[in-house]
Amino acid sequence: MEVLELAKARYAAKKYDSNKRIPQETVDALKEVLRLSPSSINIQPWKFTFVQNKEVKSQLAAASLHNESKINEADLLVVFSVADDLEEFQHVVDTNLPDGLRNWYNSIKNEIPEEHLRVWLSKQVYITMGVALSAAVSLGLDSTPMEGIETDKYVEILGMTTYKPLFAIAFGYAAEDDYNRPEVTPKSRRELEDVVETI
Ligand SMILES: Cc1cc2nc3c(=O)[nH]c(=O)nc-3n(C[C@H](O)[C@H](O)[C@H](O)COP(=O)(O)O)c2cc1C
């Protein structure tokens, strides 16, 4: 499919076929695509937690508000987290970034309030949501991005210490009777001329 067709085909799935498994090579491709995501000064302040273990997935589902059934039905849940322990993350910066970029990060860190630094780091993780959703549809997967998760409970369930979840995405194959399929519920968007300016 060409890119516009893929954009029209992608939608937020609301009901999954719980009998369908994702091939391992597709899961592996998704992992690699996420690792290759871009970020400002190549800072990469993220952790992607792939959950296919049914028991852990169902614990996370129970901490996901109105998203519980989707997460239980979908084959894969990926939790997207941002560096939370900034001292610990400094080691990542020191060992991975070349001098120029490391100096850049260190000066940003010293110049802006910590709260703003954390917002900036989180923005970098959000870039990977777009990457993941586009990758999923081109890999033939349905997906659901979800901010409707209880992040504190996720931290406990996953035993996280240095990263903090921001959002999750369910991946799998939508149920035949998913009411949100675009052919049943057409996409709703603002008009092109209202959101795009051409100068
Ligand atoms: C950041 C973000 C958070 C979202 N959170 C949820 C969610 O918790 N549960 C859900 O079912 N859909 C969620 N969605 C899906 C949106 O409602 C959906 O993308 C939007 O209505 C456009 O519809 P479409 O993706 O089907 O084209 C979220 C989407 C984004 C981008």
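The values are calculated or read from the model by the stated rules, or taken from the named source; none is laboratory data. Here the structure is a predicted model, which is why all the values come from computation and not from measurement. Here Cβ is always computed from backbone atoms with ideal geometry, including for glycine, and neighbour counts include all displayed protein chains. These area figures cover heavy atoms from the full protein model, side chains too; ligands, DNA and RNA do not enter into them. Shrake-Rupley method; radii C 1.70, N 1.55, O 1.52, S 1.80 Å.
Note on region 1-36: residues that are farther than 23 Å from ASP177 by Cβ and under 15 Å from the mean Cα position of the chain (by Cα) amount to 9.
Answer with yes or no whether THR198 is open to solvent by 100 Å² or more (accessible area, probe 1.4 Å) and in contact with an Asp or Glu (Cβ under 9 Å, 6 or more places away or on another chain).
No: the conditions fail for THR198.
Given the structure, is VAL131 within 16 Å of the ligand (Cβ to nearest atom), of a type in the set (A, V, I, L, M, F, W, C) and surrounded by 18 or more Cβ atoms within 10 Å (Cβ to Cβ)? The answer is no for VAL131.
Look through region 135-149, keep the residues that are assigned to a helix (DSSP H, G or I) and more than 12 Å from the ligand (Cβ to nearest atom), and return whichever of them is least open to solvent (accessible area, probe 1.4 Å).
It comes out as ALA135.
Might you check whether a residue that is basic (Lys, Arg) and without any contact (Cβ under 8 Å) to a residue 12 or more places away in the chain occurs anywhere in region 15-24? Checked region 15-24: no residue is basic (Lys, Arg) and without any contact (Cβ under 8 Å) to a residue 12 or more places away in the chain. Of all residues assigned to region 61-80, none qualifies as being basic (Lys, Arg), closer than 30 Å to ARG21 by Cβ, more than 16 Å from the ligand (Cβ to nearest atom) and at pLDDT 95 or above. Residues of region 153-163 that are within 16 Å of the ligand (Cβ to nearest atom) and within 17 Å of the chain's Cα centre (by Cα): TYR154 alone.
If you go through region 150-171 and pick out every residue that is open to solvent by 40 Å² or more (accessible area, probe 1.4 Å) and part of a loop (DSSP other than H, G, I, E, B), you end up with 3. Can you say whether LYS57 is without any contact (Cβ under 8 Å) to a residue 24 or more places away in the chain and open to solvent by less than 70 Å² (accessible area, probe 1.4 Å), as far as the supplied structure shows? Judged against the criteria, LYS57 is a match. Which condition breaks for ALA63 when tested against (1) crowded, with 16+ Cβ neighbours inside 10 Å; (2) in a helix (DSSP H, G or I); (3) of a type outside the set (Lys, Arg)? ALA63 satisfies all of (1) crowded, with 16+ Cβ neighbours inside 10 Å; (2) in a helix (DSSP H, G or I); (3) of a type outside the set (Lys, Arg) except (2).
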